[in-house]
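This report refers to the structure that appears directly beneath it.
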Amino acid sequence: MSVRLNPNVLPDLLTSIEQAQQNQQNAIEQMSTGKSVNNLSDNPAAAAALVGNDALTSENDQFLTNISDVQGKMQAADSALNNAQQLLTTAITVGAEGANGTMSAADRQALAQQVQGLQQQMLGLANTTYQGVYVFAGTNVSAPPFVQDASAASGVQYNGNSGVTSVQVGEGQSVQTDLPGDQLFLNPSGSILGALNDLANALTSGNGLDAANTEVQQAFAQLNTQQVFYGNALSQLQNSQNFLNQEQVNLSSQQNQLVGANLTAIVAQDSQDQVDLQAALSATGQVLNLPNLLSYLK
Amino acid sequence: MLADQTALSVTSNNIANANTPGYSRQTVDLAEIAPTLDGGLLVGNGVQVEQIVSQSSSLLQTQLDQETQQQSKYSSYLNSMQQVQTLFNETSGNGLQSSITGFFNSLQQLSTSPSDTSLREGVLTAAQNMAQAFSSTAANLISQQRSADASVTQSVDQVNSLTAQIAQLNGEVSNANNTGQNPGTFADQRDQLINQLSGLIDVSEIPAGNGSLTLTTTGGANLVVGNQSFQLTTQADPTTGFQQVISQGTNITSSITGGALGGDIQVRDASIPSILSSLDSLASNLETSVNSVNQAGTDLNGAPGGNFFVPPPAGGTGAALQMSVALTDPAQIAASLDGSTGDNSNLTAMLNLQNQTIVNGQTPLNAYSNLVFQIGNDVSTAQSEMSGSQAVAQQIQNQIGSVSGVNINEEAANLIQYQQAYEAAAQVAGVINSLTATAINLGQTSTVTG
């Protein structure tokens, strides 16, 4: 006697149909989202890795925003210092003119007034703000760092502090974004505001002009030295920016590797699923129409 | 002729029930009637129906029931967990990652200009968004837990209704066996109901003699003994408020491992609590760490920093659900360490929390991505277990079909065979009738026709 088979083959066939339809549905989902991982369970490891990848992408976006904000502030500072250089250049010219022995007292007075004008402009530059914040105040950013004070040798009092700000511009990477104002404008090795004050006084009195001129030149040299910091920092920011942009491209390609759908493969698989479905449907149709012995017993 | 008629009626019953779920085909055992001694010769006495037998395999049925328990467990588990995993679906951008990163990014932004009030407001908004995201994720988890809890009560009601019917059928099967009848129909119905019961709870089947079956949970709680069923009841747990399953005064909840009940209980009492506890731990550690950094700094008004977030409950339970921002004024963010308004040193300390192992030895984001992996992996494992179980169940179904299924061709052949035998027997009766008439008519003028 032959082996008895399950006379009811429909459940098997229906399962095949269901399976083929399920495969097709998956393929359609992948094609429509462009992702191979649409649920955590599709690939738990990829989904977990995606958390880190997305977070890094978003952090990098923030670093790029940080960089552009910091660039704005530093460019404002840098351009204020460029203006300060021009003011000092003018002061050097005026000082040299004043040192000319043929100068009358009245002429020197006029020059002194010119230098006092430069002094006022320099004070304005030292109190430069960027988006409501004093950029040469150390971290004491809410009040003007330099105020006039006739009793002080430099003619000004520094109300800022010696704090500096560092901002993160990459994972574990930060950039110092400023120098304290006193280091820039009241540096002992070349005080800009002090030199201008001395020059104005020397022109007024006619005494110590040579010493005052030397001071202004020292201040000019010192400013050039300090300004290198801003140049370096700005180019460091540029480097970080380039690095982050490249990093974003890498992250995006990693993301694609993690969860992106391979459309070519899916389309091929989908047409295979289509064939499977056709086969299962046709087999089911045939089984339903198969005659049995009773059909012949008439 | 009577034997053939019985065989014909069994065959037609088989054909009638060819598509009845759970029906086991019946066969007729025909046997010779013991011969009698007639004038020194043994003369056959014909045929009789010895018994009608249902072709079924209790072993296969039990295997099917076990697979059903597995399958239903995974199915109800997946029903809940597939919804749970969408709460953490980072692939579609739903999930906590973006709000956690958003909070730290807002601190980054503020660090470029710590005295900027609009950036400070941005930090408070991002913190509120993060708190909201934690809280609504936890609330959704709890609502999944509640719906699993509601299913437990429903399943227990269904179990009770099924065990009552099975107990009754147990009685019928025993009665049929006692009176020497074929209990097949009752046994088939009972098999069907036990299979349905297996969809709800894990069942052990123990033959109790006389065709009766004793049913218990695999943990040993009685469900059906003889013709008596033991009702399960539910009772709310005083602390969690979730329904516990009670059998004869004993809480058997944690020992239920199969069927829809097993799946729902696993979701309600193990899976979701574990996810909630990870979330709570993430939330409470974040809150506590940010709070202590904020307290170490100075705010924009020069005052010492206070709690950034409302401190989480002691022990952390409920921290995710209750997460909320304590600060109301953007100036209260303690960005500075030295008290100056442009100092961002304390913000840097707060930012560094992102890369510190403040959540059970992990960074906040790693803790979260581990949770994401865990959930995805649990669902994916259950899915493969379920499809494995489905394949096995189908294989067993096929085996059961090969033993018990009605094959129309086979029955048609039997039908013809028994029909012909019946006709032949009728012919024999006709011949005997005619011979008898001839004998009666011997020497008669009038005749009796056969």
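Exactly one residue out of B:V123, B:V159 is assigned to a helix (DSSP H, G or I), in contact with a strand residue (DSSP E or B) (Cβ under 8 Å, 6 or more places away or on another chain) and assigned by TED's automatic domain parsing to the domain that holds B:N251, and it is B:V159. What single numbered condition from (1) within 38 Å of the chain's Cα centre (by Cα); (2) closer than 19 Å to B:S106 by Cβ; (3) not in a helix (DSSP H, G or I); (4) not basic (K, R) fails to hold for B:L282? With respect to (1) within 38 Å of the chain's Cα centre (by Cα); (2) closer than 19 Å to B:S106 by Cβ; (3) not in a helix (DSSP H, G or I); (4) not basic (K, R), B:L282 is out only on (3).
Consider B:T348 carefully, then state whether it is closer than 30 Å to A:V175 by Cβ and free of Cβ contacts under 8 Å to residues at least 12 places away in the same chain. The answer is no for B:T348.
Any residue in the range B:349-372 that is in a loop (DSSP other than H, G, I, E, B) and in contact with a strand residue (DSSP E or B) (Cβ under 9 Å, 6 or more places away or on another chain)? Checking the range B:349-372: not a single residue is in a loop (DSSP other than H, G, I, E, B) and in contact with a strand residue (DSSP E or B) (Cβ under 9 Å, 6 or more places away or on another chain).
Annotation: B:D329 fulfils all but one of (1) crowded, with 19+ Cβ neighbours inside 10 Å; (2) of a type outside the set (K, R); (3) away from chain A (no Cβ under 14 Å); the unmet one is (1).
A:A55 falls short on exactly one of the conditions (1) farther than 19 Å from A:G124 by Cβ; (2) among the aliphatic types (A, V, I, L, M); (3) in contact (Cβ under 8 Å) with a residue 24 or more places away in the chain, and that condition is (3). Of the residues making up the range B:393-403, those that are within 9 Å of chain A (Cβ to nearest Cβ) and closer than 18 Å to B:Q55 by Cβ are B:Q397, B:N398, B:Q399, B:I400, B:G401, B:S402, B:V403. In this structure, does A:D42 turn out to be surrounded by 19 or more Cβ atoms within 10 Å (Cβ to Cβ), of a type outside the set (S, T, N, Q) and within 11 Å of chain B (Cβ to nearest Cβ)? In short, yes. Scanning the range B:89-138 for residues that are without any contact (Cβ under 8 Å) to a residue 24 or more places away in the chain, within 18 Å of A:V167 (Cβ to Cβ), of a type outside the set (S, T, N, Q) and facing chain A (nearest Cβ under 9 Å) turns up just one, B:D116. Here B:I201 passes the criteria (1) part of a loop (DSSP other than H, G, I, E, B); (2) touching a Pro at 6+ places or on another chain (Cβ under 6 Å) except the one numbered (2). Within the set B:A439, B:A413, the sole residue that is part of a helix (DSSP H, G or I), of a type outside the set (D, E, K, R) and either surrounded by 16 or more Cβ atoms within 10 Å (Cβ to Cβ) or away from every other protein chain (no Cβ under 14 Å) (or both) turns out to be B:A439. Among all positions in the range B:416-434, there is at least one residue which is surrounded by fewer than 19 Cβ atoms within 10 Å (Cβ to Cβ), modelled with pLDDT of 85 or more and facing chain A (nearest Cβ under 9 Å). The strands (runs of 3 or more DSSP E) found wholly in the range A:120-220 and carrying at least 3 residues that are closer than 28 Å to A:L234 by Cβ occupy A:166-170, A:173-176. If we keep just the residues of the range A:24-39 that are within 14 Å of chain B (Cβ to nearest Cβ) and part of a helix (DSSP H, G or I), which is surrounded by the fewest Cβ atoms within 10 Å (Cβ to Cβ)? Taking the candidates together, the pick is A:S32. Within the range B:371-391, being more than 7 Å from chain A (Cβ to nearest Cβ) and either more than 27 Å from A:L5 (Cα to Cα) or crowded, with 16+ Cβ neighbours inside 10 Å (or both) holds for B:L371, B:Q374, B:D378, B:T381, B:A382, B:S384, B:E385, B:M386, B:S389, B:Q390.
The values are calculated or read from the model by the stated rules, or taken from the named source; none is laboratory data. This one's a predicted model, so the numbers in the text were calculated from it and none came from an experiment. Neighbour counts run over all protein chains shown; Cβ positions are idealised from the backbone, glycine included.
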